[in-house]
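In what follows, a single structure is set out as structure tokens and then discussed.
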Amino acid sequence: MTDTRRPFVAGNWKMNGLRADGLALATSVAAATPEQADQCDVAICPPATLLATVGERLAEIGGAVALGAQDCAVAVHGAHTGDISAEMLADTGCRYVIVGHSERRVDHGETSALVHDKAQAVLRAGLIPIVCLGETEAERDQGRALAIVGEQLSGSLPNDAGSALVVAYEPVWAIGTGRTPTEDEIAEVHRHIRNEMAGVSGIDPDAIRVLYGGSVKPANATAIAAIENVDGALVGGASLKAEDFGAICQSFAEAV
Ligand code: 13P
């Protein structure tokens, strides 16, 4: 593992939280993760409506929890009603932007080509894209998991990102279901991702962190953190409970 692959745990709050809940959760997460700051990078990705408020609260606390967004537009500014540019996200204090989450690929028909352009927009704004990949259950049952993840990877990853990029492997069937792949299955896909990244020009495959996401919780975090080529986690449901999220961060911090 290179130095740039410090463990990284990001909480994807999805479409959850009003102002009061979001501020309380961000404050509790900051309180639940101080000891991990030396060994593990931590970020929370609230819905867009809470980014500025939560960003200000995190800055006041002055801790190590970074802010991330869940999506962005490709354009810098202009006539794009309802869209939010990566530059606007940077302005709220974001450091990371999730792109290509399966919920956006499915709910909004996002293609890998669009995800690629969004990831480039994130880099253009000086932020770090977290590019999500993952097969459906039917694709895994057909023995196509590696092929699908490989196709999504080559279509979605921007060139010339160096190590300023994070990849998240999230099997669609493991998201919010309580089911996870076996440790061997996770290891196989993460190894494949590491190998396939060598084919993307201008990125450093050994330096890029590859997170696992899909039903990560305190009870399985230590085992997942120990898997080769797993450099962190993208956490959904469990990131809405500061205590659980803190315990997951602790597992990854200890896995160094
Ligand atoms: P869950 O942790 O709720 O399965 O969600 C995973 C996810 O989609 C994170 O982006």
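Values quoted throughout were computed directly from the atomic coordinates according to the rules given, and no laboratory measurement underlies them. As the structure is a computational prediction, the values presented were derived from the model and not from experiment. All Cβ positions, even for glycine, are placed from backbone atoms using ideal geometry, and neighbour counts span all protein chains on display.
A few points about this structure:
- Only lysines eight or more places from LYS118 in sequence, or on another chain, were considered; those with a Cα closer than 19 Å are LYS14.
- Neighbour-count order for GLU243, GLU139, GLU183, fewest beta carbons within 10 angstrom listed first: GLU243, GLU183, GLU139
- Computed over the stretch 8-240: relative contact order in percent, which uses C-alpha pairs under 8 Å that are six or more apart: 18
- Positive-pole candidate from ALA168, ILE44, GLN142, dipole of the stretch 8-240, charges at beta carbon: ILE44
- Projecting label points 7 angstrom from Cα along Cα→Cβ for ASP204 and GLN142 puts them 3.8 nm apart.
- Cβ-placed point charges (K, R +1; D, E -1), dipole of the stretch 153-197 about Cα centre in debye, nearest 20: 80
- Extension reserve of the GLU228-ALA59 stretch, reckoned as 0.36 nm per residue once the Cα distance is removed: 57.4 nm
- Likely footprinting exposure, THR111, THR53, fewest C-beta neighbours within 10 Å first: THR111, THR53
- When only the Cβ of Lys, Arg, Asp and Glu is charged (+1, +1, -1, -1), the dipole of the chain relative to its Cα centre reaches about 340 debye.
- Relative contact order of the stretch 114-223, pairs being alpha-carbon contacts under 8 Å that are 6 or more residues apart, as %: 31
- Nearby aspartates and glutamates by direct alpha-carbon distance to LYS241 (threshold 16 angstrom, same-chain neighbours under 8 apart not counted): ASP21
- By the count of neighbouring beta-carbon atoms within 10 Å, fewest first, TYR169, TYR96 end up ordered TYR96, TYR169.
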